[in-house]
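Structure, as structure tokens:
FYI, it's all coordinate maths here, none of it is from the lab. Nothing here was measured: the structure is a model prediction, and the numbers come from that model. Positions of Cβ are generated from backbone atoms using ideal geometry, with glycine treated the same way; all protein chains shown enter the neighbour counts.
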Amino acid sequence: MKFGIIKERKNPPDRRVVFTPEELVKLKTQFPQAEIKVESSDIRIFPDETYSNLGFDVTEDVSDCDVLIGVKEVPVDALIPNKKYFFFSHTIKKQPYNRKLLVACLEKNIELIDHETIVNNTNHRLIGFGRYAGIVGAYNGFRAFGIKFELFNLPKAETLPDKAALIERLRRPVLPPIKIVLTGHGKVGMGAKEILDAMKIKEVSIEDYLAKTYTQPVYTQIDVMDYNKRKDGQLLGKKDFYDNPTEYTSDFERFTKVSDIFMAGHFYANEAPVILTREMLKAADNKIKVVADISCDVAGPIACTLRASTIAEPLYGYYPSEDKEVDINHPAAIVVMAVDNLPCELPKDASEGFGEMFLEHVIPAFYNEDQDGVLERAAICKNGQLTERFKYLQDYVDGK
């Protein structure tokens, strides 16, 4: 089996890579029969020579590789027919802007495996950059707070080398006694929690958070049943919420009345209720002044997320009474951070963590006849057709 680590070609440039040089050494140690090529890249966080110095073949041509591994979408004209590809395709939710990419994979007889579709037999994702989105998103949330209230001016995360440098910078300012509410207990939410804990911000129970006043910064981490309630008042638990999301409405308003910063690290299902509504944001007793929407579902559960922001311009203002974007210095503006590619700001750490997961959960499947079904479950299309698991994309492919 010959693996090719491909160059990232999408704009804006992404400096991440699935395998760092050190992780490729581990791969070769565990699976000496594996052949590996690295496509030359002038943007990758690890320069070509860091691979070639360790004995890897760095080349302009990876067309003889069986499996091609990248991070972001591969442009249609760069797809090599009859290969197995791994990358984030952003097609499984029928994203209109990538329909042509999936069609091209079918036409070119490509077996497409999306990093998002790599799951275990209970449908839990095995790999992803979510942790690093949470880490950078939390940092950016504090940066937004400092700018909004002219308290401190943190450098952009992308200018710092690693997570340790982010934490070191965050420990410098003296924060006022603010309250921070964090949604989500998955990789994104737990990544944000890493930052809060590293800053030694005190975690408190939901009950204390809502009722007590503090002389120091505090946070609480909440799950779906803490910010949603059944419309009929019944208490039926999380399974009922997932089975019947339309029977629920948001109970988040109790947090808007006491929170200064909202860090959104939750997973959001399409039929779930809106979490932070426009009515909550424009209420006279709303205290939230900064929303770090790490999950970044545009036109989704957070009313002030009008659009995704960018690493270059990560912040914008939201004016609740008119439901429109304004300058962040507008006196009534809520500052929104909604960057949708946060791990790109921490490319070294993110690449290291991703490669570890890929080596643990994916590479062995090539050498144990996919005994756990990881590759079979993850394939979106092969042999020119959608696989059974992804037949629901047929109308999307057909342009209907």
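Computed values, structure above
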{"item": "Linear extension gain, residue 400 paired with residue 52, 0.36 nm per residue minus alpha-carbon span", "result": "120.6 nm"}
{"item": "Sorted by Cβ density within 10 Å, fewest first, the residues 263, 357, 225, 280", "result": "225, 357, 280, 263"}
{"item": "Region 130-345: relative contact order as a whole-number percent, Cα under 8 Å and 6+ apart", "result": "22 percent"}
{"item": "The chain: calculated mean residue ellipticity at 222 nm from DSSP helix runs of at least 4, using -39500 (n - 2.57)", "result": "-7500 deg cm²/dmol"}
{"item": "FRET efficiency, 1/(1 + (r/R0)^6) with R0 41 Å, evaluated for residue 308 and residue 171 via beta carbons", "result": "0.90"}
{"item": "Lysines with Cα under 17 Å of residue 28, excluding same-chain neighbours fewer than 8 positions away", "result": "2, 37"}
{"item": "Approximate spin-label separation residue 60-residue 94, in nm, with each point projected 7 Å along Cα-to-Cβ", "result": "4.3 nm"}
{"item": "Cα-projected label distance for residue 376 with residue 77, points at 7 Å along beta-carbon direction, nm", "result": "4.0 nm"}
{"item": "Share of alpha-carbon pairs per 5 Å distance bin for region 336-399, given as whole %", "result": "3, 14, 15, 13, 14, 17, 17, 6, 1, 0"}
{"item": "When the convex hull of its Cα atoms is projected in every direction, mean area for region 130-345 (nm²)", "result": "11.2 nm²"}
{"item": "298, 181 arranged by Cβ crowding within 10 Å, fewest neighbours leading", "result": "298, 181"}
{"item": "Percent RCO, i.e. relative contact order, over the chain, from Cα pairs under 8 Å lying at least 6 residues apart", "result": "18 percent"}
{"item": "Set of lysines near residue 282 by C-alpha distance (under 27 Å), chain-local residues within fewer than 8 positions excluded", "result": "148, 179, 212, 229, 231, 257, 324"}
{"item": "Estimated Rh, the chain: Kirkwood, alpha-carbon pairs, angstrom", "result": "22.6 Å"}
{"item": "Residue order, fewest to most surrounding Cβ atoms within 10 angstrom, among 231, 257", "result": "231, 257"}
{"item": "Centroid-to-centroid separation of region 211-235 and region 1-79 [C-alpha atoms, Å]", "result": "45 Å"}
{"item": "Antiparallel %, DSSP beta bridges [both residues in the chain], to 5", "result": "30 percent"}
